[in-house]
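The values are calculated or read from the model by the stated rules, or taken from the named source; none is laboratory data. Computed from a predicted structure; not experimentally measured. Backbone-built Cβ (ideal geometry, glycine too); neighbour counts: all protein chains shown. The protein model used for the area step is the full one, side chains on, heavy atoms only, and it has no ligands, DNA or RNA in it. Shrake-Rupley method; radii C 1.70, N 1.55, O 1.52, S 1.80 Å.
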Amino acid sequence: MRLKEYRTSFRSRWVGVPKYQPMRVRSPHSVGYKLGSDALVFGGQTLTCTDIAVAARLADVGDRSLVKHLNKDLAKRALATVRERISEAVDRMKTDAMPVPLLAVGGGAMLIPKTMPGINEVVHFEHEAVANAVGAAIAQTSGETDRIYRDVSREEAIESAKSAAIAQAIKSGASADMIKVIEVEGLPLSYLPGKALRARVPVVGEAVAR
């Protein structure tokens, strides 16, 4: 897929960023869909990265007056930690050490700094904050089988795995007549008894219109 002049290859990596409390950093935690009620800027009691972004004037959502009490040093340290984790995740996803452009989309795009090590350009987009919602709306529904079969032929194992993957996709909401097989793997396992074979079959399909 191309975004403007940039060719992309989508491979996701979940990056946990901390939930901050005064004077200490706790384990990565997300309020998820409760952001609109739990975050400080929306009248909640949980300090989130959204609150930090609003306090640092990187975002304009909710009620900024509800985070005016936040210590500036806390916000500075929080942003530094978040950006460090983003930088580490980007570095792990790169295929080589050459600098590459970074396309910032999603609700956390405002946390991406203008410059990063190993990045030659940080690109922002109009309406970037709702990229996740757009992606969810147009995404295909998937199913996958990855299991070990014994005492059956390779063809039988793969056919069984394919049927199971398709059934899983249909159960998840895919239209039965719009499912396609993405890949077929049949790997003999000589170290197991019983003519063992590992079959992996992922499938995708368009979601049923509702």
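Contact map, the range 114-136: first residue among the basic types (Lys, Arg), second residue surrounded by 11 or more Cβ atoms within 10 Å (Cβ to Cβ), Cβ cut-off under 7 Å, separation 6 or more or different chains; pairs are Lys114/Val122. Filtering the range 42-71 to residues that are closer than 21 Å to His127 by Cα, open to solvent by less than 30 Å² (accessible area, probe 1.4 Å) and either in contact with a Lys or Arg (Cβ under 8 Å, 6 or more places away or on another chain) or small (Gly, Ala, Ser) (or both) leaves Ala53, Val54, Ala59. Scanning the range 79-137 for residues that are in a helix (DSSP H, G or I), open to solvent by less than 40 Å² (accessible area, probe 1.4 Å) and hydrophobic (A, V, I, L, M, F, W, C) returns Leu79, Val82, Ile86, Ala89, Val90, Ala109, Leu111, Ala131. Selection of first residues in the range 151-173 that are modelled with pLDDT under 95 and of second residues that are basic (Lys, Arg), restricted to Cβ pairs under 6 Å at least 6 apart or on distinct chains, gives the following pairs, ordered by first then second residue: Asp151/Lys195.
When restricted to residues that are among the hydrophobic types (A, V, I, L, M, F, W, C) and surrounded by 15 or more Cβ atoms within 10 Å (Cβ to Cβ), the range 168-180 contains 4.
Among residues that are touching a residue at least 40 places away in the same chain (Cβ under 8 Å) and in contact with a Gly (Cβ under 6 Å, 6 or more places away or on another chain), Thr81 is not included. Considering every residue within the range 153-166, establish whether at least one is among the small types (Gly, Ala, Ser), farther than 30 Å from Leu103 by Cα and under 23 Å from the mean Cα position of the chain (by Cα). Checked the range 153-166: at least one residue is among the small types (Gly, Ala, Ser), farther than 30 Å from Leu103 by Cα and under 23 Å from the mean Cα position of the chain (by Cα). For the range 190-207, the criterion of being out of contact with any Gly (no Cβ under 7 Å at 6 or more places or on another chain), without any contact (Cβ under 8 Å) to a residue 40 or more places away in the chain and closer than 30 Å to Arg57 by Cβ is satisfied by no residue at all. When residues in the range 62-78 are screened for being closer than 15 Å to Met110 by Cβ and either part of a helix (DSSP H, G or I) or modelled with pLDDT under 90 (or both), 4 of them pass. Applying the condition of being within 24 Å of Arg77 (Cβ to Cβ) and surrounded by 10 or more Cβ atoms within 10 Å (Cβ to Cβ) to the range 1-25 and asking which residue is modelled with the lowest pLDDT yields Gln21. Scanning the range 192-201 for residues that are assigned to a strand (DSSP E or B) and either open to solvent by 20 Å² or more (accessible area, probe 1.4 Å) or farther than 28 Å from Ala139 by Cα (or both) turns up Leu197, Arg198, Arg200. Can you find even one residue in the range 149-166 that is more than 16 Å from Gly205 (Cβ to Cβ), surrounded by 14 or more Cβ atoms within 10 Å (Cβ to Cβ) and touching a helix residue (DSSP H, G or I) at 6+ places or on another chain (Cβ under 7 Å)? Yes, because at least one residue in the range 149-166 is more than 16 Å from Gly205 (Cβ to Cβ), surrounded by 14 or more Cβ atoms within 10 Å (Cβ to Cβ) and touching a helix residue (DSSP H, G or I) at 6+ places or on another chain (Cβ under 7 Å). Mind checking which residues of the range 167-191 are under 13 Å from Val201 (Cα atoms) and not small (Gly, Ala, Ser)? Once the filter is applied, which keeps residues that are under 13 Å from Val201 (Cα atoms) and not small (Gly, Ala, Ser), the range 167-191 yields Gln168, Ile179, Lys180, Val181, Ile182, Glu183, Val184, Glu185, Leu187.
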